[in-house]
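> The structure under discussion is supplied below as structure tokens; questions concerning it will follow.
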Amino acid sequence: MDKNLPRYVIKFEKFLDEKFCNDTIKQFKKITWKDHLFYNNRVDKRTKRSGKQELEITNEEVPNKKIIMNKLHSAIGQYMNNLNFKWFNEWAGYSNIRFNKYTKTKKMARHCDHIHSLFDGTRKGVPVLSCLGILNDNYTGGEFIMFDDTEIKLKKGELLIFPSNFLYPHKVEPVTKGTRYSYISWVY
């Protein structure tokens, strides 16, 4: 096993093509966005860690969502096969994707993806992988930072898969111009 943590952060270039990304963003005109909230288990409460700078999210359906979900399945399988770990070769499923919207000054605070809300009693597990996709790159700011100091440059249509645990803290810096659109799903 490779003990170099960045080794497990894998980028899939051209995961979605440019036209598909543009079409997906156009579908956002008909959906409702809400402020993102982090769950704090110490006080059993959801809060905005970034205050007024908190990004917006939606779980609403858009026509392209199912296509992305289907493509994610094969990327997750490829990621797992590339690990070649005989002791870690199965996964139970992955969450429905959530779309993220970062307008000017919006960001996401440093965190790891220990997502409590995925599991409702019927679906059980822990998130083991995070699948982050970028739908556009015509904005400034909004850098994706991992390990406190490493920027991972992401282009329109790319997908990033990485472990969801505490060893992979990440954040999104404030957008300074334009709007950054992304999506996320968690493997369990």
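> Go through segment 148-188 residue by residue and tally those that are within 22 Å of LYS14 (Cβ to Cβ) and of a type in the set (D, E, K, R).
6
> Can you pull out the residues in segment 92-112 that are part of a loop (DSSP other than H, G, I, E, B), buried (at least 16 other Cβ atoms within 10 Å of the Cβ) and touching a helix residue (DSSP H, G or I) at 6+ places or on another chain (Cβ under 9 Å)?
ILE97, LYS106
> I'd like the full set of residues that are at pLDDT 95 or above and in contact with a Phe, Trp or Tyr (Cβ under 6 Å, 6 or more places away or on another chain), limited to segment 11-48.
Across segment 11-48, the qualifying residue is only ILE25.
> If you don't mind, there's one more thing I want to ask. Can you pull out the residues in segment 122-169 that are within 11 Å of the chain's Cα centre (by Cα) and more than 19 Å from ILE76 (Cβ to Cβ)?
The one that is within 11 Å of the chain's Cα centre (by Cα) and more than 19 Å from ILE76 (Cβ to Cβ): PHE144.
> Here is a further query. Of all the residues that make up segment 2-21, how many are in contact (Cβ under 8 Å) with a residue 12 or more places away in the chain and either farther than 20 Å from ARG98 by Cα or not aromatic (Phe, Trp, Tyr) (or both)? Give the steps one after another, and end with the answer.
From segment 2-21, those in contact (Cβ under 8 Å) with a residue 12 or more places away in the chain are 5-6, 8-18, 20-21; that's our starting set.
From what's left, either farther than 20 Å from ARG98 by Cα or not aromatic (Phe, Trp, Tyr) (or both): 5-6, 8-11, 13-14, 16-18, 21.
Number satisfying all stated conditions: 12.
> A further question on this structure: Does SER74 satisfy the condition of being surrounded by fewer than 14 Cβ atoms within 10 Å (Cβ to Cβ) and under 18 Å from the mean Cα position of the chain (by Cα)?
yes
> Only one of these is within 16 Å of the chain's Cα centre (by Cα) and surrounded by fewer than 11 Cβ atoms within 10 Å (Cβ to Cβ): GLU54, GLU13. Name it.
Working: GLU54 fails: surrounded by fewer than 11 Cβ atoms within 10 Å (Cβ to Cβ).
Only one candidate qualifies: GLU13.
> Can I ask one more? Can PHE99 be described as touching a Phe, Trp or Tyr at 6+ places or on another chain (Cβ under 7 Å) and aromatic (Phe, Trp, Tyr)? First the steps, then the outcome.
Details: touching a Phe, Trp or Tyr at 6+ places or on another chain (Cβ under 7 Å): yes; aromatic (Phe, Trp, Tyr): yes.
Answer is yes for this residue.
> Sort out for me the strands (runs of 3 or more DSSP E) sitting completely within segment 113-188 that have 3 or more residues that are crowded, with 19+ Cβ neighbours inside 10 Å.
Values: elements: 129-134, 144-146, 159-163, 170-172, 175-177, 180-187.
Filter on segment 113-188 gives 129-134, 159-163, 180-187.
The values are calculated or read from the model by the stated rules, or taken from the named source; none is laboratory data. Predicted, not measured: the structure shown is a model, and the values here were computed from it. We place every Cβ from the backbone using ideal geometry, glycine too, and count neighbours over all the protein chains shown.
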